[in-house]
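Rule-based calculations on the coordinates, nothing more; no lab input. Bear in mind the structure is a predicted one, so any value in this text is a computation, not a measurement. Note that each Cβ is placed from the backbone with ideal geometry, even for glycine, and that neighbours are counted across all protein chains shown.
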Amino acid sequence: MAGPRHISVSEPSRPVLPRHAKLRYDETRQVWVILAPERVLAPDEIAVEVLQLCDGERSVGDISDQLAAKYAAPREAILTDVIAMLQDLADKGFLTEAREKTP
Amino acid sequence: MSDLLGNPTIPPDASDSLAVLEKQRSTAETFGIPLAVLLEITHRCPLQCPYCSNPVELDRAGKELTTEEWKKVLSELAEIGVLQVHFSGGEPTARKDLVELVKHASDAGLYTNLITSAVLLTREKLSDLADAGLCHVQISFQGTEQGLSDRVAGYKGAHGKKLEVAKWTRELDLPLTVNAVMHRQNLHQLPDIIQMAVDLDADRLEVANVQYYGWALKNRAALMPTVAQLDECTRIVEEARERLKGTLAIDYVVPDYYALRPKKCMGGWGRQFFNISPAGKVLPCHAAESITGLEFESVRSNHSIAWIWQNSDAFNRYRGTGWMKEPCKSCEFREIDFGGCRCQAFALTGDAANTDPACALSPLHETIFKQAEREAEGETSRFLYRNFAGGTLESE
């Protein structure tokens, strides 16, 4: 089974797209899309950047550090935005969390 | 997220960083290639549901596209910008090459969905489909208990098998949608159907009231719900949506007979949708072949699918608003609902260019609404089962 159905995104979360949600560049329409059951979402530029960093390894905190450095922007503001966007995706059922590795 | 760059690339709703692409396209890119295409790869099906959405004239096995032809279609769809394909039927698992087709679609970058009755699946076959890249499984249910479910399906043992396959689906980590087609004879089970979907760990539930064309129109007297049943159904769905937020998403389709405004069928003819029939016809809707006098192009013709979508007579016939007659022609809602459903207009009035009688502005609305109410209160409960022989009446 995938991770828990209902996840709450916070700084230590290590989010990843579940196998039924696929981030892809649509060559025909020249936009990034998330393909999901019966849905096609059009993430904006920054959502795409965040999602490309969601590999199940990086935490939300790591992702925010990276974006704060890249855009020379206040980390706290970025963290808030990243959590909001990911929680929105999680609420739609298109985000899961990497499970703790079993030793 | 627009705060970060202050400049989202696509601004359908400035506050939504995850907009639904269909919504943007419906205004911005009217006749662009659809995002999703329905592939009815066969009309063969072990079930005999009396509301089947397939045409009454079914394509026989010998007319079906070959494996190589379907592969060519899949490659072409990916190339012209289709993102998702729904493998449907008939029963798509009745085709021995389904795993091969799903693999081909996945390799071409398409997101694949299987719409199935589940009764022909084994755990091994489902696992092979998952390995081939299948992204999502939709299983139809006819009710919540064996007696009624198997009777509606006209197939003994169907219900138990569906429950089993739904369980395998989740075990294989595939997302599951439960499709529940609702009508007068099973609407009382709706609360249990919702609970069944939760218990099966489904992500989505489609509560789809029967739409009355083709087989369902033949069975209307046995299927049409009463207004009271429908009101209760709506109340139950709304309550469940609220209660199950974040656990189960519920899509809801009402029967349009009891509406005042018609549905924007297919998002408007030739605007956002096409499907391909078992024999390779490219259709504006899965019931379109019921409209006599329309010629549909085939993927076996010399035309590309993109050409057929853009230029064929069948797609252009009812596109936009130019074809409309009164009361549609001067109606303020003409670009909101495009006059409803062309197939229903044809089935009930004999002319697909007439206003869909589901619309209160149709001169036939009153008559048809009254007839539906009469049928809903009537005694008829025997089904005409769907099959290649033109239907078989349920024994008494």
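Toward the positive end of the charge dipole of the protein assembly as shown, with +1 on the Cβ of Lys and Arg and -1 on the Cβ of Asp and Glu, the farthest Cα among B:Leu121, B:Leu58, B:Ala389 is that of B:Ala389.
Please go through the stretch B:241-346 and write out the GluC sites (Glu not before Pro) that DSSP classes as loop and that have at most 11 other C-beta atoms within 10 Å. Could you put the intermediate results ahead of the total?
Numbers: sites: B:Glu242, B:Glu289, B:Glu295, B:Glu297, B:Glu332, B:Glu335; in loops: B:Glu295, B:Glu297, B:Glu332.
Taking the stretch B:241-346 and a limit of 11 other Cβ atoms within 10 Å, the loop GluC sites (Glu not before Pro) found are B:Glu295, B:Glu332.
Could you work out the mean count of beta carbons from other protein chains within 10 Å of each residue's beta carbon in B:248-260? Walk me through the intermediate numbers first.
On the way: counts 2, 5, 0, 1, 0, 0, 0, 0, 0, 0, 0, 0, 0.
Across B:248-260, the average partner-chain Cβ count within 10 Å equals 1.
If R0 equals 45 Å, the separation of the Cβ atoms of B:Thr321 and A:Ser59 corresponds to a calculated FRET efficiency of about 0.25. To the nearest 20 debye, what charge dipole does the stretch A:47-103 have about its Cα centre, counting +1 at the Cβ of each Lys and Arg and -1 at the Cβ of each Asp and Glu? Dipole magnitude for the stretch A:47-103 comes out near 80 debye. Debye-formula intensities of the protein assembly as shown, expressed as log10 I(q)/I(0) at q = 0.06, 0.09, 0.11, 0.12 Å⁻¹, are -0.29, -0.66, -1.00, -1.19 (one equal scatterer per alpha-carbon, no solvent).
Counting only DSSP H runs of at least 4 residues, each contributing -39500 (n - 2.57), and dividing by the residue count of chain A, the helix-based mean residue ellipticity at 222 nm comes to -11500 deg cm²/dmol.
Spin-label pair A:Asp91-B:Glu232: with each label point 7 Å from Cα along the Cα-Cβ axis, the two points sit 3.3 nm from one another. Restricting to bridges with both residues inside the protein assembly as shown, how much of the DSSP beta-bridge set is antiparallel, in percent to the nearest 5? If we restrict to bridges inside the protein assembly as shown, about 40 percent are antiparallel. Placing dummy labels 7 Å off each Cα toward the beta-carbon, the span from B:Glu335 to A:Ala72 is 4.6 nm.
Determine the shielding of peptide A:66-78 by partner chains: average, over its residues, the number of Cβ atoms on other chains within 10 angstrom of each Cβ. Intermediate results must be reported in sequence, preceding the final value.
Values: counts 0, 1, 1, 0, 0, 2, 0, 3, 0, 0, 0, 2, 3.
Mean partner-chain Cβ count within 10 Å for A:66-78: 1.
Based on DSSP H segments of at least four residues, each scored -39500 (n - 2.57), chain B has a per-residue ellipticity at 222 nm of -10000 deg cm²/dmol. When chain B is treated as a Gaussian network with alpha carbon springs shorter than 10 Å, the biggest mean-square fluctuation among B:Met182, B:Met324, B:Met224 belongs to B:Met324.
Can you give the % of DSSP beta bridges in chain B that are antiparallel, to the nearest 5?
Working: 5 of 36 bridges.
Percent antiparallel among DSSP bridges in chain B is about 15.
In chain B, which longest range has no trypsin sites (Lys or Arg not before Pro) that are both DSSP loop (not H, G, I, E or B) and surrounded by at most 13 other Cβ atoms within 10 Å? Here the longest segment lacking exposed loop sites spans B:157-244.
I'd like the FRET efficiency for A:Arg24 and B:Leu260, computed as 1/(1 + (r/R0)^6) with the beta carbon distance as r and R0 of 41 Å, rounded to 0.05.
Values: r = 41 Å, r/R0 = 0.99.
The value I calculate is 0.50.
About its Cα centre, the dipole of the protein assembly as shown is roughly 1040 debye, where the only charges are +1 on Lys and Arg Cβ and -1 on Asp and Glu Cβ. Listed from fewest to most Cβ neighbours within 10 Å, the set B:Asp313, B:Asp192 follows the order B:Asp313, B:Asp192.
Restricting to lysines 8 or more places apart or on different chains, can you count the pairs in the stretch B:66-174 with Cα atoms under 20 Å from each other? Lysine pairs meeting both conditions in the stretch B:66-174 amount to 13. Within a Cβ distance under 13 Å of A:Gln87, other residues only, what is the Lys/Arg minus Asp/Glu net charge? After counting each charged neighbour, the total is -4.
How big is the shadow of the Cα convex hull of chain B, averaged over all directions, in nm²?
Numbers: hull surface 80.9 nm².
Reported value for the Cα convex hull: 20.2 nm².
The packing ranking of peptides B:358-369, B:82-93, highest mean first, is B:82-93, B:358-369, where packing means the average number of other beta carbon atoms within 10 angstrom of each residue.
How big is the convex hull of the Cα atoms of the stretch B:45-180, per residue, in Å³? Provide the component values of the computation, followed by the final result.
Working: hull volume 14.8 nm³, N = 136.
Per residue, the Cα convex hull of the stretch B:45-180 comes to 109 Å³.
Other protein chain C-beta atoms within 10 Å of residue C-beta, averaged over B:131-140: 2. For the stretch B:66-119 versus the stretch B:197-238, the spacing of their alpha-carbon centroids is 28 Å. Taking 28 Å as the straight-line reach from the Cα of B:Lys370, the lysines in range (excluding those fewer than 8 positions away in the same chain) are B:Lys218, B:Lys263, B:Lys264, B:Lys325, B:Lys329.
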